[in-house]
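Here it is, the structure, as structure tokens.
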Amino acid sequence: MANMLTIKNPATGDVINRIHLHSEAEIEAALKRSHDAFAPWASRDAHDRSALIRAWADKVKAHQDEIAELMTRENGKPLKESRGEVTYATNYLDWYAEEAKRIYGKTIPANSPAKRIIVSRQPVGPVAAITPWNFPVAMMARKAAPALAAGCTFVVKLASDTPLSGMRFIDLAYEAGIPRDVIQYVNTSGKVAGELFTKSPYVRKISFTGSTSVGKTLIQNSADTVKHVTMELGGHAPVIVAEDADIDVAVEQTVANKFRNAGQTCVCANRILVHESIADEFIEKISVAVKGLKVGNGLEDGIDVGPIINEAGYDKIKAQVDDAVDKGADVTAGDQYTIDRKKGYFFVQPTVLTGVTLDMTIMHEETFGPVAPIMTFSSLDDAIEIANDTPFGLAAYFFTNDYRTGTYLHDALDYGIIGWNDTGISAAHAPFGGMKESGIGREGAQEGIEPYLETKYMSIGGFD
Ligand code: NAP
């Protein structure tokens, strides 16, 4: 249907809804309204903005189950994960409602008694954001909350596979009293949004979460108008399990991280490097744990792993598994599939691959699926070299109970996020983001509001 977007449930292939696709003229008008709303919003006092963001958070908390169910229908993730994501997204609203009140300037001692130097912070201007389908509300909230707190206005293009929960989340901002032009969503293809956002004279900042290839295009296209950019891009996370690691902890944490959202997260373990002396025990235990995961429709009770988001995602996963098996990997769990290309659902049984080697594609490309490839190592320095041998630098994990090994690994790994005996690293109060081709900037914590602020300095003379 022309000018309509059809949203399907990836667990069944059933149509959930059809929504209006915005025309280019409508998107340009939204950007203009964002520009016009900027000055009044920026000049509102910080306590007022804070109270409105807090009211938004309260609305979301009251509608958590409704948004979570919508998210599971459009994304497929188990309901317990959707509820967790709504809480996680709301934490950003709560955090930045407070940070709105803590945007401090400073004074600098001048080099003359006749002068004063004052530094103040101002919002960068209207922000245009593009977000992915794997965390449909959290990836948007962690941009919108600091943007609004800083005094920026915000327009987001939500992912075409999963716009519904994000739209509902933003509707609650209006119900909380945030003016309609301060935060808006538009529905269109990524390509159209990217072009309109980057060329718009009204937009001062692009904030993107998604693949590295799209991020590069957006950076290039932002150059003409020298827009600020925040980029949260792809990852290829290593997990290093050292000789002295607590194997039970390593298995439990790795399974929790690897199979969350059916392995479709940017911080998912993608290369599991295990010391050869403990590899047999680790493989046996992780294979048992993975075989115990229940796959199915995320709306049903007891489901641990939902469907893959779409056919392209499934094809990439299957190709990586087939490539690894062709090159000699063993399967100790999974490598089974329930799919229907015509209806459009794709379930991948959580899979463990062992005997993995560096010539396999899975060791170089993000999988975005529930597949755990395991390779052994004999020296820690070899593991570090393998871990760092990638253009990505988002999240890395290691397991050791030796503080010297842990500190050595922390210092040596070129990653923006490190988990030591811990893989649950996402939190509104911590700075999330990647090095190298995994991104530019940080989201969350005090650092997360900085990208939405400009620094203005004023030198005042005449005090003599
Ligand atoms: P994607 O293809 O880059 O899509 C993400 C968003 O970009 C969607 O809204 C998409 O719109 C839009 N898009 C697509 N093509 C575009 C273009 N040419 N110009 C502008 N926007 C465009 O990424 P994905 O495969 O859906 O998402 C998974 C990726 O996101 C993975 O690489 C993952 O690691 C990364 N990710 C990173 C983080 C982080 O914080 N670092 C967090 C989550 C995910 P449509 O939906 O309309 O195509």
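The values are calculated or read from the model by the stated rules, or taken from the named source; none is laboratory data. This structure is a prediction, so every number in the text was calculated from the model and none was measured. Cβ sites come from the backbone with ideal geometry, for glycine too, and all protein chains shown count toward neighbours. Remember, those area values only see protein heavy atoms, side chains included, never the ligands or the DNA or RNA. Shrake-Rupley method; radii C 1.70, N 1.55, O 1.52, S 1.80 Å.
Just need a number here: residues in region 179-190 that are farther than 14 Å from residue 22 by Cβ and surrounded by fewer than 22 Cβ atoms within 10 Å (Cβ to Cβ).
Of the residues in region 179-190, 3 are farther than 14 Å from residue 22 by Cβ and surrounded by fewer than 22 Cβ atoms within 10 Å (Cβ to Cβ).
Matching residues to (1) part of a strand (DSSP E or B); (2) in contact with a Lys or Arg (Cβ under 6 Å, 6 or more places away or on another chain); (3) crowded, with 19+ Cβ neighbours inside 10 Å:
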{"position": "128", "(1), (2), (3)": "yes, no, yes"}
{"position": "133", "(1), (2), (3)": "no, no, yes"}
{"position": "140", "(1), (2), (3)": "no, no, yes"}
{"position": "146", "(1), (2), (3)": "no, no, yes"}
{"position": "162", "(1), (2), (3)": "no, no, yes"}
{"position": "219", "(1), (2), (3)": "no, no, no"}
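Please go through region 193-209 and pick out each residue that is among the hydroxyl-bearing types (Ser, Thr, Tyr) and more than 20 Å from the chain's Cα centre (by Cα).
Result: 198, 200, 202.
Still on this structure: Condition first: in contact with a strand residue (DSSP E or B) (Cβ under 9 Å, 6 or more places away or on another chain), within 16 Å of the ligand (Cβ to nearest atom) and small (Gly, Ala, Ser). Now tell me which residues in region 223-248 satisfy that.
Selection gives 234, 235, 237.
Suppose we filter 188, 254, 217, 162 for residues that are within 19 Å of residue 126 (Cβ to Cβ), of a type outside the set (Asp, Glu) and in contact with a helix residue (DSSP H, G or I) (Cβ under 9 Å, 6 or more places away or on another chain); which single one remains?
188
Right, another one. Just give me the residues in region 279-300 being β-branched (Val, Ile, Thr) and surrounded by 18 or more Cβ atoms within 10 Å (Cβ to Cβ), in sequence order.
Of everything in region 279-300, those that are β-branched (Val, Ile, Thr) and surrounded by 18 or more Cβ atoms within 10 Å (Cβ to Cβ) turn out to be 283, 286, 290, 295.
Hey, could you check region 301-317 for residues that are within 16 Å of the ligand (Cβ to nearest atom) and not in a loop (DSSP other than H, G, I, E, B) and say which is nearest to residue 6 (Cα to Cα)?
311
Would you please list the contacts, defined by Cβ atoms under 6 Å and residues six or more apart or on different chains, that run from a residue in region 230-254 that is among the charged types (D, E, K, R) to a residue that is more than 16 Å from the ligand (Cβ to nearest atom)?
Correct list of pairs: 243/275; 243/277; 244/400; 244/401; 244/402.
I'd like the residue in region 364-412 that is touching a helix residue (DSSP H, G or I) at 6+ places or on another chain (Cβ under 6 Å) and farther than 30 Å from residue 310 by Cβ and, out of all such residues, is most open to solvent (accessible area, probe 1.4 Å).
Result: 376.
Hey, any hits in region 8-21 for a residue that's among the polar types (S, T, N, Q), under 28 Å from residue 301 (Cβ atoms) and touching a Lys or Arg at 6+ places or on another chain (Cβ under 6 Å)?
Yes: one or more hits.
Check whether at least one residue in region 276-293 is of a type in the set (Phe, Trp, Tyr) and within 16 Å of the ligand (Cβ to nearest atom), and report yes or no.
No, region 276-293 contains no residue that is of a type in the set (Phe, Trp, Tyr) and within 16 Å of the ligand (Cβ to nearest atom).
Let me ask you something else. Which of the helices (runs of 4 or more DSSP H) contained wholly in region 1-77 include at least 3 residues that are more than 25 Å from the chain's Cα centre (by Cα) and either loosely packed, with under 15 Cβ neighbours inside 10 Å or of a type in the set (A, V, I, L, M, F, W, C) (or both)?
Filter on region 1-77 gives 24-43, 46-62.
Answer yes if at least one residue in region 168-176 is crowded, with 21+ Cβ neighbours inside 10 Å and within 16 Å of the ligand (Cβ to nearest atom), and no otherwise.
Yes, that holds for at least one residue.
Moving on to the next point. Determine which member of the set 359, 304, 323, 335 is over 24 Å from the mean Cα position of the chain (by Cα) and over 27 Å from residue 213 (Cα atoms).
That would be 335, the only listed residue that is over 24 Å from the mean Cα position of the chain (by Cα) and over 27 Å from residue 213 (Cα atoms).
Which of the following residues is touching a Leu at 6+ places or on another chain (Cβ under 6 Å) and closer than 27 Å to residue 443 by Cα: 263, 313, 235?
235
Step by step: first the residues of region 129-154, then only those that are more than 16 Å from residue 53 (Cα to Cα) and more than 9 Å from the ligand (Cβ to nearest atom), then the one that is nearest to the chain's Cα centre (by Cα). Which residue is that?
136
Among the residues of region 199-217 satisfying the criterion of being in a loop (DSSP other than H, G, I, E, B) and within 12 Å of the ligand (Cβ to nearest atom), which is surrounded by the most Cβ atoms within 10 Å (Cβ to Cβ)?
Ranking the qualifying residues of region 199-217, first place goes to 210.
Something else now. When you go through (1) at negative phi; (2) open to solvent by 10 Å² or more (accessible area, probe 1.4 Å) one by one for residue 350, which number turns out not to apply?
So residue 350 meets the others, but not (2).
Is it the case that some residue within region 335-348 is under 20 Å from residue 71 (Cα atoms) and touching a Leu at 6+ places or on another chain (Cβ under 6 Å)?
no
Checking residue 93 against (1) open to solvent by 10 Å² or more (accessible area, probe 1.4 Å); (2) more than 16 Å from the ligand (Cβ to nearest atom); (3) part of a helix (DSSP H, G or I), only one condition comes out false. Which one?
Every condition holds for residue 93 apart from (1).
I need every pair where a residue in region 446-464 that is among the acidic types (Asp, Glu) has its Cβ under 8 Å from the Cβ of a residue that is open to solvent by 100 Å² or more (accessible area, probe 1.4 Å), sequence separation at least 6 or different chains.
Close Cβ pairs (under 8 Å, with a partner that is open to solvent by 100 Å² or more (accessible area, probe 1.4 Å)) amount to 464/113.
Okay, moving on. Against the conditions (1) in a helix (DSSP H, G or I); (2) open to solvent by 40 Å² or more (accessible area, probe 1.4 Å); (3) not aliphatic (A, V, I, L, M), where does residue 335 fall short? Just the number, please.
Condition not satisfied by residue 335: (1).
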